[in-house]
Amino acid sequence: MADSRDDFIIAIRYALLKKGAKQKFSLFFLISFSVLILVLDNLSVPFIKSTRAVLNDFVYRAAVVVSTPGKFFSYLNLEKNKHFNIVNKNKILKKEIRLLKINKHNSLFLKTENENLKKVLNVANLSTYGENTSVVARVILDPESPYLKSLLINKGTKNGIIKGMTVFSKGYLIGTIVESNYLTARVLLITDLNSRIPVVLQDTNINAILTGAGKKTNLSLEYLPESFVAAPDKIIYTSGKDGFLAAGLPVAKTYLNKKSKLRIKSLADPGQALIIYVTKGQNK
């Protein structure tokens with residue numbers, strides 16, 4: 001009798017050790033455990049209520065922690081898109097402001113020249129650098145010198161650049177080509193001590209020569225009438241009387257320094273020029 005009982009127990013153990021039996025037993029155990037928890041919960045056992053509260057708190061807090069990285073990355077993505085939108089809008093606005101400044105300067109020059117020509121011919125036939133096609137070049141050398149100011153660019157006669165052409169940076173005149181090689185060219189800046197540009201002052205018929213002195217904030221006007229006193233905040237334009245610079249190019253501006261003395265500064269910053277534009281056309 002004892003042997004039969006032992007054989008029965010061994011058979012049950014063997015059956016439970018099988019993989020399929022293990023899975024069935026695990027499923028049966030989980031179902032039984034779930035039913036037991038439901039029964040105890042319905043009986044309002046204090047231990048079950050406390051355990052359920054703790055488990056709920058754990059699940060809720062875990063859900064908050066798990067969702068935090070997703071919210072954080074969504075926030076970063078939103079801020080990144082806002083940043084790039086602002087950057088793009090800023091670039092567009094800067095370009096529009098630069099174009100508006102150029103148009104304003106051209107309009108002021110046209111007004112000044114128109115008043116002068118009315119007194120003589122009553123006609124106006126002006127050309128500006130905007131009508132000329134241009135060659136884009138890069139500054140490859142900027143020699144340091146207190147007074148001698150020039151740039152070396154990476155375009156030359158191969159690209160159609162010849163001596164006397166006009167050079168611009170960000171819409172403003174910065175100099176002229178004084179030497180052109182096959183692959184490079186040298187630009188004499190308007191701040192150079194040797195620079196001499198025939199100009200006309202805004203709202204006047206006064207012609208003068210704009211000369212450089214090594215700094216963009218320290219240009220000067222020569223051959224002004226003795227009784228003439230320049231006013232601040234006036235644009236100075238090329239007059240076109242030298243035969244190769246077009247008339248109406250905004251070059252400089254009068255201003256009052258900290259000591260309330262009248263000074264002349266370049267509208268461009270030649271020392272910061274990296275990409276420049278060389279006009280192919282010449283004024284005739």
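The values are calculated or read from the model by the stated rules, or taken from the named source; none is laboratory data. All of these numbers come straight from a predicted model, not from anything done at the bench. Note that each Cβ is placed from the backbone with ideal geometry, even for glycine, and that neighbours are counted across all protein chains shown.
Name the one entry in 264, 197 that is more than 19 Å from residue 167 (Cβ to Cβ) and more than 27 Å from the chain's Cα centre (by Cα). Talk me through it step by step, then tell me what you get.
Working: 197 fails: more than 19 Å from residue 167 (Cβ to Cβ).
Result of the check over 264, 197: 264.
Condition first: small (Gly, Ala, Ser), more than 26 Å from residue 236 (Cα to Cα) and part of a strand (DSSP E or B). Can you find one or more residues in region 161-181 that meet it?
yes
Is it the case that some residue within region 130-147 is at pLDDT below 65, closer than 20 Å to residue 275 by Cβ and not in a strand (DSSP E or B)?
Yes, that holds for at least one residue.
Among the residues of region 255-276, count how many are in contact (Cβ under 8 Å) with a residue 40 or more places away in the chain, within 20 Å of residue 199 (Cβ to Cβ) and in a strand (DSSP E or B).
Residues that pass the stated criteria total 4.
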